Structures are given as C-alpha cells and as structure tokens.
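Scroll down for the structure; my scribbles are underneath it.
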Amino acid sequence: MSDPATGPGIRKIIHVDMDAFYASVEQRDDPALRGRPVAVGSPAARGVVAAASYEARAFGVRSAMPSVTALRRCPELVFVRPRFDTYQAVSAQIRAIFAEFTDLIEPLSLDEAYLDVTHNRQGMTIATEVAQAIRARIRAETGLTASAGISYCKFLAKMASDMNKPDGQAVIRPAQGADFVAALPVARFHGIGPATARKMAALGIHTGADLRAQDIDFLHAHFGKAGQWYHDISRGIDNRPVQPDRPRKSIGCEDTFAEDIHDLAAARAEVGTMAARVWHQTQARQMRGRTVTLKLRYADFRTITRSHTLPVPFADEAELTGAALDLLARLFPVPLGVRLLGVTLSSLEPADRPAPVVQLSLW
C-alpha cells in the first residue's frame, strides 16, 4: 500500500481509536458477556451509558444515552459498572505501544489519540504500515481491537478512523482531502454538534461543498470565531500540530433542545444526565475538578452561567450532580423557556495528586 504523504513537508498523522473500549474490556474479562449487548454504566433512572458494545449499538444504544432510553431500545441489555482503574491500566499499555513508534502523542481520552509518525522511532516510511503495526501490537498485548485513520492532518485522520470500524483502518491522501470533505454531510464533521448542524441546515449548508461555497465574511457573521475553522476544514486544511501532554482546562457538555424547557423537573433530568456524562469523561481522562459551572440559554438567546467552587475536588458523581442541580434550582422559575443547558467541570488536576490538607480553625 502506498504512503498517504508523498510530498516534502507533508505530515503523516494517525488517529487511533479503540473499538467500544470500555465494553470490549468487560467482554474480554468476562466470557459470559461476549456476544451479548453490553452497556457500561448505571441502569438507574438517572443513569447514563458510558459505553456500549457493538451488539448493543445494533439496537441503537449509544454512549451518553440515558439508561432508561437504552433499556427501552434493548430490553436484553446487560449493564456493567465501570472499572476505571482497569481501563486506565489498559490505556497505559496502549500508550506504551504508541511510545515505541513516536514521541508525538496527543491523547484525547483513555481510548483514542493522535500520533504524528512523520519521523518515527521505527524508521518506517509508510504511515499505513505504521498504523497496521500499532494495531497488531495492541491486539497481541491487550486482546482488544483498534481502528485507525491516516491522513496529512488531524481533522481528516479523525474522520478516517470511523470509516472502517471496528478493527479496520482507512487513509485519506492529500489529493483526496478537499473532495472527501466536499461530499461529507456537515453533521458528520468532528466538532460540529447537532445544534450547529441545524443552524447550518437553516442557512442551506448541508455538505462540505455547501460550506466551502460560503465566503469568510458570511461564516464570520454567522459563526463568529469558528468561521475561520469552518472555512479551512471545508477545504481540507487543518494545520494544528499533534501536541503531547496538552493541558486540559475544563470538561463539559451542553445540549440545545428541540422544544424549550419551562419546568424544573424536565431541566433537572437534563442536567443530571449531563453531570453524569461530565463525571465519566473526567474519570476517563484521570482528572478531577473543583469548579462546576451551569450554563443556561433562554429562548431569546440570552445566556447566563452560575458556578460553585469547592476547596477540594468533587469526590464522586453524586456530589457533582448535586452541586449542578443546586445551581439550576436557584434559576427557577424561569422568565422564558430554556433552549440550552450545559454543565462544565473546571479547576482540573490529575486524579492521582495527593489531596490537600484542610487546616481547621480553632477559633
């Protein structure tokens, strides 16, 4: 197979993505789970799916889905409590394999990372062969499968890693980049969420070609600072470097609702689900945080935030969720319908950092 980077100065980027990582680890370690629809998470009323096996995905079960929805779609779904210590140990094995090939590793989570293999430790000149070698080593050492995308930039490598999942790889060469993006629905672009995709659709932008047809002034007017990014990726341009050990300032999620929310009960259900998702993401990245921020956007697009900071990191999901719900309760009743809610955890630090000693005053 020929190399995707053929010209001088063209980078060779690999995006490695483990296949249904948490669920696959559970199926590996418990033979009784193999071939069955498995969800890692809690089946509780406010639980959320952290990961789903491919057998579960066949029923439409996805990560970040409320557990009650997942059970409706797949009544035979088997829930398994997450074992983050185990996932972290396997992730460390995988990253050790990456380090045998390159120093330029940018982890995105426990189960995926970008690798710049333009100049690699093995002296291999064909990036697709590097990806094959890495995937083979992962399978041999962990018993798990990984998929990979190979391209000249991070955006396209990420897109390519989804093309032949599970246990496959795909390459997008420099000469193919712009045409590949042009044919792709913008809703499938990494980094374009449902709300932005809907906004683009309302503007007549459905594909990469539609996006590329817009000039930079139009994109800036409708998408602000993100306009430059959309302008570039619609042309297959992404000059971001692979950044080893990139510090992360916050972890969060938000959702724009199809219909405005007016009552507290509905808002609590949404915020509870978001807080659980944020907690799982924080655990997966081996981080912890002290500040929770609630974001609320009204129907008139007025946006407010409320935050609460602890002297020490949040201890568990229940504490984080409780703090987020307390912030929410202070904003109700609302003067207008709520079109967006979000939960973010910041003031992050490594989870293995020793807890600070809190000095109690005697007076």
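Read the figures in this text as sums done on the coordinates, not as results from a lab. Quick caveat: nothing in here was measured; it's all calculated off a predicted structure. Neighbour counts run over all protein chains shown; Cβ positions are idealised from the backbone, glycine included.
Calculate the spin-label point distance for Thr118 paired with His220, positioning each point 7 Å from the Cα along the beta-carbon direction, and give it in nanometres.
For the pair His220/Thr118, the computed spacing is 2.9 nm.
Could you list Ile304, Ile126 in order of exposure, starting from the residue whose Cβ has the fewest other Cβ atoms within 10 Å? Don't skip to the end; give the middle numbers.
Numbers: Ile304 10, Ile126 16.
Fewest to most other Cβ atoms nearby, the residues stand as Ile304, Ile126.
Let me have the 222 nm mean residue ellipticity of the chain computed from DSSP H runs of 4+ only, each contributing -39500 (n - 2.57), with the sum over all residues rounded to the nearest 500. It would help to have the intermediate numbers written out before the result.
Values: 13 runs with 131 residues, N = 363.
Dividing the helical sum by the residues of the chain leaves -10500 deg cm²/dmol.
If you split all Cα-Cα distances of the chain into 10 Å bins from zero, what percentages do you get per bin, shortest first?
Going from the shortest bin to the longest, the percentages are 5, 21, 29, 29, 13, 3, 0, 0.
Please go through the stretch 287-322 and write out the trypsin sites (Lys or Arg not before Pro) that DSSP classes as loop and that have at most 16 other C-beta atoms within 10 Å.
Arg302
Just to be sure I understand: with springs between alpha-carbon atoms less than 10 Å apart, which residue in Arg240, Arg139, Arg36 has the highest mean-square fluctuation in the Gaussian network model of the chain?
Highest fluctuation among the options: Arg240.
Over all alpha-carbon pairs in the stretch 1-156, figure out the percentage whose distance exceeds 26 Å.
Of all Cα-Cα pairs in the stretch 1-156, 35 percent lie more than 26 Å apart.
How big is the antiparallel share of DSSP beta bridges in the chain, given as a percent to the nearest 5?
Numbers: 46 of 52 bridges.
Antiparallel bridges make up about 90 percent of those DSSP assigns within the chain.
Rule-of-thumb check for the stretch 178-233: C-alpha Rg over 2.2 N^0.38 Å?
Normalised Rg, Cα atoms only: 0.98.
Sticking to Cα atoms, compute the Rg of the stretch 194-272 to one decimal and its Dmax as the biggest Cα-Cα distance, whole number, in Å.
16.8, 45
Students often forget the sequence filter, so: which lysines lie under 26 Å Cα-Cα from Lys165 once same-chain residues fewer than 8 apart are removed?
Lys12, Lys154
Can you put Met287, Met200 in order of Cβ neighbours within 10 angstrom, beginning with the fewest?
Arranged by neighbour count, lowest to highest, Met287, Met200 become Met287, Met200.
Using a 7 Å offset from the Cα along the Cα-to-Cβ direction at both Val68 and Asp85, what is the distance between the two label points in nm, to one decimal?
The modelled label-to-label distance comes out at 3.3 nm.
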